[in-house]
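Everything below concerns the one structure shown next.
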Amino acid sequence: MSELIQLVIGGLSLGSMYALIALGFVVVYKSTGVLNFAQGGLVLCGAYFCYALRNALGLPFALAVLLAVLGTALVAVLIERVVMRRMIGKPVFAVIMITWGLLIILEQVPAAVWGYDLLALGDPWGMGMAGIGGVQVLEVDLWTLGVGAAVMLAVYLFFARSRWGLAMRASALDQEAAMAQGVSPGLVFALAWAIAGVIAALAGVMLSGGVRGLSPELSLIALRAFPAIILGGMDSPVGAVVGGLAIGVAEVLTASYVAQHAPFLGQNFHLVMPYLLMTAFLLVRPYGMFGTKAVGRG
Amino acid sequence: MHVPMNLSATSVEAPQVVAASVSRPLARPPASIGWGLLALALGAIFVLPFVASDFWLSILNYAGIAAVGAIGLNLLTGNTGQVSLGQPFFMGVGCYAAAFAGQDLGLPLPVWLAAAMLMGALVGGLVGPFALRLRGQYLVIVTLGLVLIGLHLWQNLPWLTGGANGRSVLIAARLGPIDFSALSVFGTTLARNQGWFILIWLCALGAGICVLNILNSRSGRALMAIRDREMTASVIGISVSRTKILAFVVSSMLAAAGGALYGGYVRYAAPTEWDLLLGVQYLAMIVVGGTGSVLGSVLGALFVTLMPQVVKLASPYLPFVSFTPGDGGIVSLFALNQILFGLFIIAFLMFAPRGLAGLVPRRRGRPPTPKP
């Protein structure tokens, strides 16, 4: 039983990071209509900024994280301002492809500078374990859960209480009406990308902290947030969180139990399991748990 | 935790963006290939093998294989507006179908090629209805999953794919008395690259003519109507899902043909061949070449295949490229290629959205008369 609890906590920790990446994706999708594949690149960007600030400049970890978050938000806003702003009104296909192009560049630049090796982030958690009533949990997992919950709460408060959050919700609902009320679409777009950048950087730091380590493979982990988005519904922030947690738990449980009970499914089955889950979901609930169904003729 | 951000209750479509207008058609109306261009293509196919060096022929062979898959993808993405990363998966299907038919069962060229295309179309027809039932851009995510599921599958079907070690693909390229692996012309036997060049580029030409004919038909106009405005298309009586599935099946079929040719030409296939990066490369080909244009698919395939070679030739003169760790360069050849690749995608989309084909001067004359 305690093994199951340990696995579930590990799964929730991983899942909360999928949830954050998915949340960043949904915020951009809802406010700008862009299917942003570069999100994984921003995750990588944040983690490598943190690594560079911590190891090259020797800053304290907390300060390095803060600066990495700001730096990634800046990169995201620059991407929006320099590239995405020019693509407004262009075919959806072109917009998707341009985010793939950005992903390729964001993936390769850190690799060109720091190589493909697994690096230690320089975080304070290391291999530390915490014991709660006989259940042994990695310290980094607890911190990840805490950071995840804090970010989700902050995002919630931002959208529910703040003036800018209200402007963004209004703009997502009806852009023209929002513009008529004095909401600047440019500000909304920039904010959406900045939020995506902040969330991505935090997810990147947490995903490469502790025993996990940092390598360009990180952007592949970010791709597994896509099943979370499909599970939750592409345009639902709640869905992103629930979908992310579900995918994380399911992945960790399969990783542990398939090897024991169903080895015929093959090595690394847990890495494709999210996509199988996604496919199954598309068959029964194509618009996800919380997504809104497209309305239209036939 | 309740997060009341999900306000939009009526539409899942992307929020209307400022200045969003009806998307303008991406490409010129398709023309049939025309006798002049056909003669030119045939001329190139039968002259180039005797002019180009063995090295460049092998590069052009890879480009030709890529062109077959890119022509298929362009029909789906450029003409129908459905973005797919799934080409590598279907290339895998085609390659293993050809290896099974041609090597394990020892069947000849027409049969293994047909088997590959049939399997590609069949699997595409099975996946398509699920992948395409949603509005909006779900297909790109579904096909991303498909490629990753495929990779897992290829690793775990050792009887068919050889598992992680890959498998040999020794299939005969013989058509009646003609053996493309050792063509004999006026008593001299040609090198393997020369013969395969003719075979591969004849296949690419066939794929191009086939897709041009589809584009000039009722179905072709239906595809483009769906791309330009799905709801309008459905209102004027086009069966949207059936037409999309048709495009998906043709695209998968051509990808499978490309996969079969790839296996046969390389004589070996590792499961890691069919990865996500390849899917992105195919999309890049049609972006660079020109979306919705058959000629563009070919130009894009040539560009994406030739670019790394050109970069490699130029790299000794670029001081920042590193060949071995610690020689003063800051970027490896692979990383440089990838970064250029990303930059080209972005640059073409921003500054030349019609791609290379858009730079080719438009042919004068009457637009093709629509057939009933």
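Just so you know, all these numbers are worked out from the coordinates, no wet-lab data involved. The model shown is predicted, which means the values in this text are computed figures rather than measured ones. In this analysis, Cβ positions are derived from the backbone assuming ideal geometry, glycine residues included, and neighbour counts consider all displayed protein chains.
Numbers at a glance
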| item | result |
| --- | --- |
| Normalised contact order of region A:144-226, rounded percent, pairs of Cα under 8 Å and 6 or more residues apart | 16 |
| Under Karplus coefficients 6.51, -1.76 and 1.60, residue-wise ³J(HN,Hα) of region A:59-70 in Hz, glycine/proline x | 6, x, 4, 4, 5, 4, 4, 4, 5, 4, 4, 5 |
| Within straight-line cross-link reach of B:K244, aspartates and glutamates at Cα separation under 16 Å, skipping those fewer than 8 residues along the same chain | B:D228, B:E230 |
| Net charge of Cβ neighbours under 15 Å - reference A:L277; Lys, Arg +1; Asp, Glu -1 | +1 |
| Normalised contact order of chain A, rounded percent, pairs of Cα under 8 Å and 6 or more residues apart | 34 |
| Tilt relative to chain B, helix B:35-51 - C-alpha long axis, 0 to 90 degrees, to 10 | 40 |
| DSSP beta bridge pairing in chain B, given as percent antiparallel to the nearest 5 | 75 |
| Where trypsin sites (Lys or Arg not before Pro) fall in DSSP loop in region A:31-87, at most 14 other Cβ within 10 Å | none |
| Furthest towards positive pole of dipole, B:S84, B:V127, B:V360, structure part chain B, Cβ charges | B:V360 |
| Residue order, fewest to most beta carbons within 10 Å, for A:H261, A:H270 | A:H261, A:H270 |
| Point-charge dipole on Cβ atoms (K/R +1, D/E -1) for region A:2-284, about Cα centre, debye to 20 | 680 |
| Sorted by Cβ density within 10 Å, fewest first, the residues B:F334, A:F264 | A:F264, B:F334 |
| Chain A: angle of helix A:39-55 to the longest principal axis, Cα-based, in degrees nearest 10 | 60 |
| GNM result for chain A, Cα springs below 10 Å: residue of A:S256, A:S219, A:S208 fluctuating most strongly | A:S256 |
| For B:G150, net neighbour charge (Lys/Arg +1, Asp/Glu -1) across residues whose Cβ lies under 13 Å away | -2 |
| 5 angstrom amide H check on A:T292, placed H, neighbours 5+ away | A:D235 |
| Computed magnitude of the charge dipole of region B:35-274 (debye, nearest 20; Cβ of K, R +1, Cβ of D, E -1) | 580 |
| Between 0 and 90°, nearest 10: helix A:139-161 axis offset from chain A longest Cα axis | 20 |
| Relative contact order (percent, whole number), chain B, Cα cutoff 8 Å, 6+ residue spacing | 29 |
| Among B:L175, B:L122, B:L205: highest mean-square fluctuation, GNM of chain B, C-alpha pairs under 10 Å | B:L175 |
| Percent of beta bridges antiparallel (DSSP, the protein assembly as shown, rounded to nearest 5) | 85 |
| For A:257-267, mean number of other protein chain Cβ atoms within 10 Å | 1 |
| Virtual spin-label span in nm between B:L343 and B:L160, 7 Å along Cα→Cβ | 4.2 |
| Under 5 Å, built H, 5+ apart or other chain: amide partners of B:S322 | B:I330, B:V331, B:S332, B:L333 |
| Charged-residue dipole, Cβ positions (Lys, Arg, Asp, Glu), the protein assembly as shown about Cα centre, Debye nearest 20 | 2380 |
| Of A:T99, B:L295, B:G187, farthest towards positive along the dipole that unit charges on Lys, Arg, Asp, Glu beta carbons give the protein assembly as shown | B:L295 |
| For A:L66, net neighbour charge (Lys/Arg +1, Asp/Glu -1) across residues whose Cβ lies under 15 Å away | 0 |
| Computed helical MRE - 222 nm, the protein assembly as shown, DSSP H runs ≥ 4 contributing -39500 (n - 2.57), nearest 500 | -21500 deg cm²/dmol |
| GNM result for chain B, Cα springs below 10 Å: residue of B:L299, B:L333, B:L283 fluctuating most strongly | B:L333 |
| Residue exposure sequence - B:K312, A:K90, B:K244 - by fewest surrounding Cβ within 10 Å | B:K312, A:K90, B:K244 |
| Chymotrypsin sites (Phe, Trp or Tyr not before Pro) lying in DSSP loop within region A:70-123, provided at most 16 other Cβ fall within 10 Å | A:Y116 |
